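The values are calculated or read from the model by the stated rules, or taken from the named source; none is laboratory data. This structure is a prediction, so every number in the text was calculated from the model and none was measured. Don't worry about glycine lacking a Cβ; one is built from the backbone with ideal geometry, like all the others, and counts go over all protein chains shown.
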Amino acid sequence: MTTFGTLADPPATLVLLGVRTIDPTDGTDLVRDLAVRDGRIVDPRDVPEGTRRIEGSNLVVAPGFCDLHAHLREPGGEVAETVESGARAAAHGGFTTLCAMPNTEPPLDERARVAAVAGRASAARVRVVASATAGRAGERLTDYAELAADGVVGVSDDGAAIADPRLARGALAYLAELGLPLIEHAEDPRLAAGTLMRAGPTATRLGLAAWPPSAELTMIERDVALAAETGGWVHFTHLSTAGGLDVVRRAKQRGLRVTCDVTPHHLALTDAWVAGHRGFAWEAEGEPDYERAYDGATRVNPPLPSREDALALLAGLADGSIDAIATDHAPHPPERKLVEYSEAAPGMIGLETALSLGLAAVEAGCLGLGRLVEALSSGPAGLIREARGLAVGEVADLVVFDQAARWQLEADALASRSANTPLIGMELPGVVRLTVAGGRVTYEA
């Protein structure tokens, strides 16, 4: 039986017996008993008689996952998702913190709107990324100091970069004083205008307008130069090209405040999915299945990468060049996806499939389990100054999953209000059994 809890529930007390615990904060990976008493991790000898015990010989325990990039659609898009339904989807996927992006209707560009979203969660903490410009119009900066005082974790006009370089420079200079990042959707609007999928042979065969990797690369190069001049922190979200990754690597080697994340779908899926192929990036390329081609669920922004780019991103995640995995969870109702490809809204859901796609890469030998856990938990949490760890005395913030179990992804298995993902119908590895956020059980299966 599946149950959801809330952050307002009584603190949990339980013991996990013989679980594999992976804690990136201290580098430990060992099998042990892990106990929670009144919401805190304690020595297993310090729980009272009769405490619930869960046999964990086939289970992995990790710090709770943190998503730096989720679209919760509230206000204005509640038919696709709400803060509450998105938080339940997060708990189902092992996430204990969500960072809500500001491209809502109206945008999250002022204090009252930020407070309304941050105060609506039930099954996960919700932190807010505020609009970088008023109305996300790219013309005037929002009041960063005021928004920072309200606890925002960064600013972004996600869905678009700040196109005006002078305004972007001003944003980075302002943010440098506050210690907050400009979270950039790195895309030159002039190069990306009217495009539908990644440039390459598949786009040519399908006759779809092609998005060139230079659209990402040129914006990353610009923002790195601006960060160097201002001392500001730029975070590139949903990185999707090998060229962009190379620029980020070099910026980090120079000691610049440059960080980045990558989505699960840019690691595992490729542009061949638009042509109906359903193999992962690390698998041998198969023949297109044109009966499944032009599926609106495969349209995302930035577009699904070439196989070469996907494998380069996987390597960058494995070696630590990429700081975090972020879902870019982008729910849409069916009427916005079951249309001509050129009319399909870009984006796919990801909170409930992120762990599974990561574990598929682990099974393929492309990624270590410890690195996957770090990229989902302590890595992104550290960027927003949240603690993570499994040490005695910590507030219990953890996920328990069965790495070997399989589940069939169907729409009725999702907690999200939307089911826009091309993974529907596939069998995926890894099942979340328990999520504990802030010492409370928020999901259990």
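Brief remarks follow.
- 3 or more residues buried (at least 20 other Cβ atoms within 10 Å of the Cβ): qualifying strands (runs of 3 or more DSSP E) within region 1-97: 14-23, 28-37, 60-63, 65-70
- Leading residue by the ranking (surrounded by the fewest Cβ atoms within 10 Å (Cβ to Cβ)) among those in region 370-405 that are in a strand (DSSP E or B) and touching a helix residue (DSSP H, G or I) at 6+ places or on another chain (Cβ under 9 Å): Gln403
- Residues that are surrounded by 19 or more Cβ atoms within 10 Å (Cβ to Cβ) and hydrophobic (A, V, I, L, M, F, W, C) were ranked within region 294-311; the one that is nearest to Pro213 (Cα to Cα) is Leu304.
- Against the test of being out of contact with any Lys or Arg (no Cβ under 7 Å at 6 or more places or on another chain) and modelled with pLDDT under 95, the options Pro264, Pro302, Pro288 yield a single qualifying residue, Pro288.
- Filtering region 192-209 to residues that are in a helix (DSSP H, G or I) and of a type in the set (Lys, Arg) leaves only Arg205.
- Subset of region 330-354 (residues that are in contact with a helix residue (DSSP H, G or I) (Cβ under 7 Å, 6 or more places away or on another chain) and buried (at least 16 other Cβ atoms within 10 Å of the Cβ)): Lys337, Tyr341, Ala344, Ala345, Met348, Gly350, Leu351, Glu352, Thr353, Ala354
- Contact map, region 279-305: residues that are farther than 26 Å from Arg336 by Cβ paired with residues that are charged (D, E, K, R) and modelled with pLDDT of 95 or more, Cβ distance under 6 Å, separation 6+ or inter-chain. Pairs shown: Ala281/Arg307.
- Region 267-282 - residue that is within 14 Å of Arg198 (Cα to Cα), touching a Lys or Arg at 6+ places or on another chain (Cβ under 8 Å) and not acidic (Asp, Glu) and, of those, surrounded by the fewest Cβ atoms within 10 Å (Cβ to Cβ): Ala275
- For region 137-148, the set of residues classified as closer than 14 Å to Arg113 by Cα and either of a type in the set (A, V, I, L, M) or crowded, with 22+ Cβ neighbours inside 10 Å (or both) consists of Thr142, Leu147, Ala148, listed by residue number.
- Cβ-Cβ contacts under 7 Å between residues 6 or more apart (or on different chains), taken from a first residue in region 340-362 that is of a type in the set (Asp, Glu) to a second residue that is outside any loop (DSSP other than H, G, I, E, B), are listed as Glu352/Ala89; Glu352/His92.
- Any strands (runs of 3 or more DSSP E) falling wholly within region 106-187 and containing at least 1 residues that are charged (D, E, K, R) and at pLDDT 95 or above: 125-131, 181-184
- Test: Gly425 is small (Gly, Ala, Ser), without any contact (Cβ under 8 Å) to a residue 24 or more places away in the chain and touching a Leu at 6+ places or on another chain (Cβ under 8 Å): yes
- Here the condition is being farther than 16 Å from Leu172 by Cα, β-branched (Val, Ile, Thr), within 22 Å of the chain's Cα centre (by Cα) and surrounded by 20 or more Cβ atoms within 10 Å (Cβ to Cβ); of Val153, Val126, it holds for Val126 alone.
- Some residue of region 319-333 being modelled with pLDDT of 95 or more, part of a helix (DSSP H, G or I) and on the phi < 0 side of the Ramachandran plot: no
- Residue-level check: of (1) farther than 19 Å from Ala80 by Cα; (2) under 16 Å from the mean Cα position of the chain (by Cα); (3) buried (at least 21 other Cβ atoms within 10 Å of the Cβ), Leu367 misses just (2).
- Residues located in region 239-263, provided they are under 24 Å from Gly365 (Cα atoms), surrounded by fewer than 23 Cβ atoms within 10 Å (Cβ to Cβ) and either among the polar types (S, T, N, Q) or within 20 Å of the chain's Cα centre (by Cα) (or both): Ala242
Yes/no matrix, rows are residues, columns are (1) among the hydroxyl-bearing types (Ser, Thr, Tyr); (2) under 25 Å from Ile183 (Cα atoms); (3) at pLDDT 95 or above:
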residue	(1), (2), (3)
Ser378	yes, yes, yes
Ile384	no, yes, yes
Ala391	no, no, yes
Glu394	no, no, yes
Arg417	no, no, yes
Met426	no, no, yes
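- Cβ-Cβ distances below 7 Å connect the following pairs, each with a first residue in region 205-222 that is closer than 16 Å to Val274 by Cβ, a second residue that is among the aliphatic types (A, V, I, L, M) and assigned to a strand (DSSP E or B), and a separation of six or more residues or different chains: Leu208/Met197; Ala210/Met197; Trp211/Met197.
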